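Here you go, one structure.
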Amino acid sequence: MQNLYAGLAEIFEIDASDVTADTVLAEHNWDSLAIVSTIALVDEICGELLDGAALAQCVTAADIVALLPQAKAA
Amino acid sequence: MTTATPAAGDRPRRGGYALSGVALRGVVCAVPGAPVPNAVIAETLGDQAVADVVKMIGVETRHWSAPDQTTADLCHTAAQRLLERLDWTPDSVDALIFVTQTPDHPLPASACILHGRLGLATDCQAFDVNLGCSGYVYGLWLAASLIQSGCRRVLLLAGETMSRLVDPSDRGTAVLFGDAGSASAIEHDPDAPLMRFRLGSDGSGANALMVPQGGFRPVDPDRAFTLDPSRLHMDGGEVFTFTLREIPKLVADTLADAGVAGETVDAYLLHQANRFMLRHIGKKIGATEPERLPVNIDRYGNTSSATLPLLLADDMAQRLTSGSETLMLVGFGVGLSWGAVLAKFGPLACAEVISA
């Protein structure tokens with residue numbers, strides 16, 4: 001989770017401490033480039049390929065976490 | 001011959017093929033005009049929009065053909081130089097393959113027009129292949145197959161004028177693509193090392209890269225287009241996911257066919273799709289340093305089927321003209337379609353990029 005938030009911070013070009021579960025993606029230019037970056041990020045962290053369309057539906061950082069395989073299993 | 005195959009039932013699983021007796025002799029690429037910097041595109045799209053895209057795709061300059069200059073023109077220039085440098089007479093060529101999605105006309109095949117312009121013999125076959133980013137590997141596979149079926153010399157011409165296909169208002173494609181043509185000489189050589197190919201397709205992803213209008217199927221009247229339907233539509237996320245799903249597997253399977261480890265490959269030449277994707281795949285296949293993962297998308301952009309010959313004729317030119325290198329060439333994209341070839345290439349008689 002911390003890896004994911006740190007990676008998102010890099011994609012959004014903001015401070016890592018500013019990314020939380022409540023971070024609203026739309027406030028950080030949640031466009032196709034950001035989504036592609038996030039697909040690569042999640043692939044790097046847990047070797048899972050997320051669906052671009054599902055990512056596009058995400059509103060907050062917590063929504064992305066919910067797509068991760070561990071979260072689904074839990 | 002490939003392997004001993006007494007009966008069709010004994011053939012190994014499809015997808016991987018080993019071809020012997022085929023040698024690549026030389027590669028010449030032709031790029032049109034002067035490099036076009038990002039500042040020119042920023043005049044239309046704005047500085048910020050261009051900067052955002054460039055940060056990810058890594059294109060700094062590309063070449064655009066003149067309005068009256070086609071892919072066939074670029075490939076003709078490259079082919080003439082190649083024939084000269086190899087001292088191949090036009091009547092010694094047995095086959096011409098032209099890989100492009102930007103032909104001169106709906107018909108005849110541009111390969112036939114090029115056959116005439118190059119003055120090839122009337123017993124030389126010529127045909128077009130409609131493939132893009134995977135096209136160079138498919139072209140090499142076809143050329144190698146023609147050699148195995150009896151041809152002695154094959155000219156493989158591959159290129160694209162993507163600048164004619166992109167919508168200038170679409171920042172995703174307007175910045176990414178460039179124009180280039182290439183010519184490669186393939187010859188029968190009983191002593192040539194084995195070439196190992198793997199080829200595949202996934203037609204269920206055909207919509208991810210498409211020019212909806214311009215063929216003979218009427219455009220769906222209910223479909224809402226944000227871009228001109230006669231221009232390229234690219235679903236970047238879809239293409240990226242497909243690439244991450246298929247390409248590391250393709251590389252691993254091709255290595256497994258040869259029974260070798262990835263470290264034995266001197267360099268991976270990957271289709272220059274975009275810099276971010278190249279770096280990510282490079283990490284996954286264990287090739288990160290520039291000597292093992294050359295990248296030239298910064299200078300040429302994504303030139304579709306011409307990216308692999310551009311790597312051979314530019315970044316790898318010195319290494320391939322002075323010696324031989326074990327390379328894996330990997331193409332992937334529109335179709336969706338992909339292919340890889342693993343072989344020892346070189347020494348080449350010529351590898352160069354010229355202006356057209």
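Each value in this text was obtained by applying a stated rule to the coordinates, not by laboratory testing. Bear in mind the structure is a predicted one, so any value in this text is a computation, not a measurement. As a convention, Cβ positions derive from the backbone with ideal geometry for all residues, glycine included, and neighbour counts pool all protein chains shown.
What whole-number volume per residue, in cubic angstrom, does the convex hull of the C-alpha atoms of the protein assembly as shown give?
166
Follow-up. For the range A:2-73, count the residues as N, evaluate 2.2 N^0.38 Å, and divide the Cα radius of gyration by that value, please.
0.97
Do you know the relative contact order of chain B, to the nearest whole percent, from alpha carbon pairs under 8 angstrom that are 6+ apart?
27
Quick one: order B:MET56, B:MET195 by neighbouring beta-carbon count within 10 Å, fewest to most.
Placing the least packed residue first, the sequence is B:MET56, B:MET195.
Of A:ALA9, A:ALA66, A:THR23, whose Cα points farthest to the positive end of the dipole of chain A (charges on the beta-carbon: +1 Lys, Arg; -1 Asp, Glu; origin at the Cα centre)?
A:ALA66
Now a separate question. Roughly how many nanometres apart are two label points built 7 Å out from the Cα toward the Cβ at A:GLU44 and B:ALA42?
Label-label distance for A:GLU44 and B:ALA42, simple model: 2.6 nm.
Report, as a whole number in µm² per second, the diffusion coefficient that Stokes-Einstein gives for the range B:101-191 at 25 °C and 0.890 mPa s using the Kirkwood radius over alpha carbon pairs.
166
OK, next. Compute, for the protein assembly as shown, the length of the dipole vector about the Cα centre, with Cβ point charges of +1 (Lys, Arg) and -1 (Asp, Glu) only. Units Debye, rounded to 20.
1200
Please list, by residue number, every one of the trypsin sites (Lys or Arg not before Pro) in the range B:89-164 that is coil in DSSP and has at most 15 other beta-carbon atoms within 10 Å.
B:ARG152
Pairs of Cα atoms under 8 Å, at least six residues apart: use those to get the relative contact order of the range B:17-188, whole percent.
Computed over the range B:17-188, the figure is 36 percent.
Something else now. Rounded if a/c is under 1.5, else prolate if a/b beats b/c, else oblate: with a ≥ b ≥ c from the C-alpha gyration tensor eigenvalues square-rooted, which is chain B?
Note, shape of chain B comes out rounded.
Tell me, how many Å apart are the Cα centres for the range B:165-230 and for the range B:279-311?
Going from one Cα centre to the other spans 18 Å.
Let me ask something else about it. Taking a ≥ b ≥ c as the square roots of the eigenvalues of the Cα gyration tensor of the range A:33-74, is the shape rounded (a/c under 1.5), prolate (a/b larger than b/c) or oblate?
Judged from the Cα gyration tensor, the range A:33-74 comes out oblate (a/c at least 1.5, b/c at or above a/b).
What is the magnitude of the charge dipole of the range A:2-73 about its Cα centre, with +1 placed on the Cβ of each Lys and Arg, -1 on the Cβ of each Asp and Glu, and no other charges, expressed in debye to the nearest 20?
Charge dipole of the range A:2-73: 240 debye, to the nearest 20.
Based on the mean of other Cβ atoms within 10 Å per residue, sort peptides B:317-330, B:213-226, A:46-59 so the most packed one is first.
With the highest mean Cβ count within 10 Å placed first, the list reads B:317-330, A:46-59, B:213-226.
Nearest 10 degrees, 0 to 90: what angle lies between the long axis of helix B:71-86 and the longest principal axis of chain B (Cα atoms)?
30
With N set to the residue count of the range B:235-356, report its C-alpha Rg divided by 2.2 N^0.38 Å to two decimal places.
The reported ratio for this selection is 1.02.
Sticking with this one: If eta is 1.306 mPa s and T is 10 °C, what Stokes-Einstein diffusion coefficient results for the range B:17-188, Kirkwood Rh from Cα pairs, in µm²/s?
It diffuses with D of about 94 µm²/s by this estimate.
Also, quick follow-up: Hey, if you put +1 on the Cβ of every Lys and Arg and -1 on every Asp and Glu Cβ in the range B:154-209, which of B:ALA208, B:SER184, B:SER163 ends up farthest toward the positive end of that dipole?
B:ALA208
Using the Cα centre of chain B as the reference point, and only Cβ charges (+1 on K/R, -1 on D/E), how large is the resulting charge dipole? Debye, rounded to the nearest 20.
680
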